[in-house]
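Notes follow the structure.
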Amino acid sequence: MNGIHYVDVGQGPVALFVHGVGTSSYLWRNVIAELRDERRCVAIDLPPHGGSAPRADLSIPALAEAVEELCEELGLTDVDLVANDTGGAVAQVFAVRHRERLRTLTLTNCDVHTNTPPKAFEPTVELAARGELAALTAAVLDQPELLAKTAYGDGYERIDDPAAMVDAYLRPIFAKPDGGRAFERLLTSIDAKDMIAIEPQLTVLTVPTLVVWGTGDVFFDVSWARWLRDTIPGVREIVEIAGGRLFFPDERAGELVPHLRRFWAQP
């Protein structure tokens, strides 16, 4: 549908998962493995990630509309939305635009307000702006061991199988015609102005919201979890994952899932 690929497994109430820049629906595989017997788990590949095609507009609001397209196509309502990294920014925009779709919102370490993109990621964005990132990233396809020296090395506590991660995250992007350029455009389209613009709507967002934050993240400090709590009236609580890094939903899924179950079960 419109070039959007997604994972759709299990039956029951819908949990919709949104990843960030440079990953894919693969990020959520371990969470989904634990939930698929009790939930219909839908995980989107945001353009141009995974099996989804690139698009002309890769801004955060445009990606939020890609999520809306998927919900419309699949008839998803009363959704429990869970997001990470740039996907968290996408989810915030989606939530204020399409409140009627949501039952709950869960945000893990992600872009918030002026921390979009985060300062630690700015050198990567600058490479993209100069048109140099695609060639450097392509080199990692042939030398997966280099992955640990990229932003992924900061996002994970450990990378046990870099080749599998390259195959899941990077190769699908670069296998597409002009996929490398689309990836660069995506990074240069991430703009704090889009997040600052929705602050007034966040201050009246009453969707029940859970914030689960890894405390060892160099990109998204736990202070941003508190900003969400102090801004969104729907936030019920902050859960801190000690030492968790940006991609803890992947490598520490067993710690996230119990909090999701508990939160979803609340009246």
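The values are calculated or read from the model by the stated rules, or taken from the named source; none is laboratory data. Computed from a predicted model, the values in this text were never measured in an experiment. Neighbour counts are summed over all protein chains in view; Cβ atoms, including those assigned to glycine, are modelled from backbone coordinates with ideal geometry. Surface areas here come from the heavy atoms of the whole protein model, side chains and all, with no ligands, DNA or RNA. Shrake-Rupley method; radii C 1.70, N 1.55, O 1.52, S 1.80 Å.
Projecting the Cα atoms of G234, Y169, A66 onto the charge dipole of the chain (Cβ charges, centred on the Cα centre) puts G234 farthest toward the positive pole. Of T114, T23, the residue with the largest accessible area leads and the full order is T114, T23 (1.4 Å probe).
Electrostatic tally near S52: other residues with Cβ closer than 15 Å to its Cβ, Lys and Arg +1, Asp and Glu -1, net -4.
When a/c reaches 1.5 or more, the comparison of a/b and b/c decides; with that in mind, is segment 1-113 rounded, prolate or oblate per its Cα gyration tensor? Since a/c stays below 1.5, the shape of segment 1-113 is classed as rounded. Extension gain, R262-D167: 0.36 nm per intervening residue step, less the Cα-Cα distance, totals 30.8 nm.
Each Lys and Arg adds +1 at its Cβ and each Asp and Glu adds -1 at its Cβ; summed about the Cα centre, the chain shows a dipole of about 360 debye.
Here segment 139-187 is treated with +1 on each Lys and Arg Cβ and -1 on each Asp and Glu Cβ, and its dipole about the Cα centre works out to around 260 debye.
Just one of (i) 45, 44, 42; (ii) 50, 36, 35; (iii) 52, 44, 37 is Cα extents along the principal axes in Å calculated from these coordinates, so which is it? Answer label, from the structure shown: (ii). Over the chain, dividing the summed -39,500 (n - 2.57) contributions of all DSSP H runs of at least 4 residues by the number of residues returns a 222 nm mean residue ellipticity of -11000 deg cm²/dmol.
Placing +1 on the Cβ of every Lys and Arg and -1 on the Cβ of every Asp and Glu, with no other charges, gives segment 79-192 a dipole of roughly 480 debye about its Cα centre. Of the residues G131, G179, G51, the one that moves most in a GNM of the chain with alpha-carbon contacts below 10 Å is G131. Calculated accessible area for the chain comes out at 39 Å² per residue, all protein chains present (probe 1.4 Å; ligands, DNA, RNA ignored).
Percent of accessible area on segment 1-148 owned by carbon and sulfur, 1.4 Å probe?
49 percent
Here the 3J(HN,Hα) profile of segment 60-72, calculated from phi with Karplus coefficients 6.51, -1.76 and 1.60 at θ = phi - 60°, is 4, x, 5, 5, 4, 6, 5, 5, 4, 4, 5, 4, 5 Hz, Gly and Pro shown as x. Pairwise inverse Cα distances across segment 1-53, averaged and inverted, put the Kirkwood hydrodynamic radius at 11.0 Å.
For segment 166-178, 3J(HN,Hα) computed residue by residue from phi via the Karplus equation (6.51, -1.76, 1.60; θ = phi - 60°) reads 4, 5, 7, 9, 8, 4, x, 5, 7, 6, 7, x, 6 Hz, glycine and proline entered as x.
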